[in-house]
Amino acid sequence: MGDQITANRKDAHLDLCATGDVEPRQNSTLLECVRLVHCAMPEMAVEDVDLSTPFMGKRLRYPLLVTGMTGGTERAGKVNRDLAQLAERHGLAFGVGSQRAMAESTGRAASYQVREVAPTVALVGNIGLYQAVQMGVDGVRRLAEAIGADGMALHLNAGQELTQPEGDRDFRGGYPVVAALVEAFGERLLVKETGCGIGPEVARRLTELGVRNIDVSGLGGTSWVRVEQLRATGLLAELGAEYSSWGIPTAAATASVRRAVGPEPRLVASGGVRTGLEVAKVLALGADLGGMALPLFRAQQEGGLEGADKALQLILAGLRQAFVLTGSRSCAELRRKPVVITGELKDWLAAL
């Protein structure tokens with residue numbers, strides 16, 4: 001019964017993300033407060049740009065992770081296979097959505113298994129922190145092995161859970177589980193938020209425990225609190241409306257976490273990143289990779305794999321153009337270029 005409830009929730013999430021108002025208009029990544037400085041004479045060609053970067057033991061052609069969003073149903077399996085194939089085609093990393101449905105029913109494992117269409121992609125599994133508390137390290141390891149994952153994402157989503165009728169209400173015991181998973185996965189563990197952001201204090205503590213990959217997943221894109229608000233009724237719907245703008249904006253989370261933890265760990269910046277220029281901005285703020293899901297998912301829903309491919313090509317072309325126009329041949333060069341920070345983002349960075 002529990003596994004069917006989870007599966008039904010996954011399909012409801014897909015419906016809402018495909019057509020619903022899941023990105024509250026008042027929410028901002030604050031990337032509009034980040035300006036890259038134009039280089040009028042870049043003295044380079046587009047083909048001089050090398051965007052390759054290491055991640056999860058593999059070499060990506062582009063510093064981009066298709067972040068985990070779905071799984072657990074036949075429809076979700078189609079989404080995962082199409083987007084994994086897209087990542088394979090272009091040399092990106094790819095993450096599946098929460099494997100909770102698979103943990104509850106092994107019959108749902110096929111919706112997460114993408115190796116047939118993406119044999120070499122950097123593949124990241126996914127489980128919630130408080131599901132990991134319940135299943136233990138061995139259970140998490142089995143989830144990763146079952147899909148041939150290169151690494152495992154541990155997602156933090158207290159904001160979403162509190163608005164979800166079936167959600168968790170006890171958030172104790174997380175850090176010891178993180179420490180145990182670091183022991184088991186080493187540099188193949190990614191700790192990520194789900195749209196409310198990771199701030200400097202949590203990032204420092206994760207780094208002290210040995211976490212070497214953090215996805216800040218900030219405010220400004222899909223609000224999973226809003227998604228649950230749209231599913232909920234009564235008190236939970238009212239709370240979801242109140243908290244659908246809760247979180248640390250993506251630009252603020254990225255810059256403040258990098259400042260707090262130094263050059264390590266590797267940092268993924270997701271949460272409302274929608275264009276190649278925005279990927280360049282988060283890289284300039286200190287991220288090693290940008291992350292996105294919704295724009296590629298919506299393109300896939302409208303036009304299948306080729307529709308998603310067309311959308312991705314625009315994103316990658318915009319990313320390369322940002323590098324040329326700043327005179328940057330690599331991600332390391334871009335990070336050495338000046339960045340202008342204005343407006344509300346300055347206030348956030350002064351406070352964090």
Å² of accessible area per residue within the chain, as computed with a 1.4 Å probe and no ligands counted: 41
Per the 1/(1 + (r/R0)^6) rule, R0 = 25 Å and r from the Cβ atoms of E166 and E187, FRET efficiency to 0.05 is 0.15
Computed E for A180/M44 - FRET, C-beta separation, R0 56 angstrom, nearest 0.05: 0.75
At the level of C-alpha centres, the distance separating the stretch 48-79 and the stretch 288-330, in angstrom, is 12
With every protein chain present, what accessible area does R266 have (1.4 Å probe, heavy atoms only), rounded to the nearest 10 Å²? 50
Cα point-scatterer Debye curve for the stretch 128-254, base-10 log of I(q)/I(0) at q = 0.20 Å⁻¹: -1.14
Gain upon complete extension [A110, V37; 0.36 nm per residue less C-alpha separation]: 21.6 nm
Filtered hits (aspartates and glutamates, Cα-Cα < 12 Å from K281, offset >= 8 within chain) -> E32
Give the aspartates and glutamates reachable from K58 as a straight Cα distance under 16 Å; neighbours fewer than 8 places away on the same chain don't count. D50, E88, D150, E187, D288
Of the convex hull enclosing the alpha-carbon atoms of the chain, the direction-averaged projected area in nm² is 16.2
Share of pairwise Cα separations in the stretch 17-114, more than 22 Å, in percent: 54
Going from the alpha-carbon gyration tensor of the stretch 98-184, what semi-axes, largest first and in whole Å, does one get by taking the root of 5 times each eigenvalue? 23, 16, 11
Note to self: C-alpha centroids of the stretch 227-258 and the stretch 96-168 sit apart, in Å, by 22
With springs connecting C-alpha atoms under 10 Å apart, model the chain as a Gaussian network and identify which of T222, T233, T326 has the largest mean-square fluctuation. T233
Quick one: pull the percent of accessible area on the chain belonging to carbon and sulfur, 1.4 Å probe, ligands and nucleic acids left out. 51
Tell me the volume per residue, in Å³, of the convex hull enclosing the alpha carbons of the stretch 200-264. 96
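The values are calculated or read from the model by the stated rules, or taken from the named source; none is laboratory data. None of these values were measured; they are calculated from a predicted model. Because the Cβ atoms are built from the backbone with ideal geometry, glycine has one as well, and the counts that use them run over all protein chains shown. What goes into the accessible areas is simple: the full protein's heavy atoms, side chains included, and nothing from ligands, DNA or RNA. Shrake-Rupley method; radii C 1.70, N 1.55, O 1.52, S 1.80 Å.
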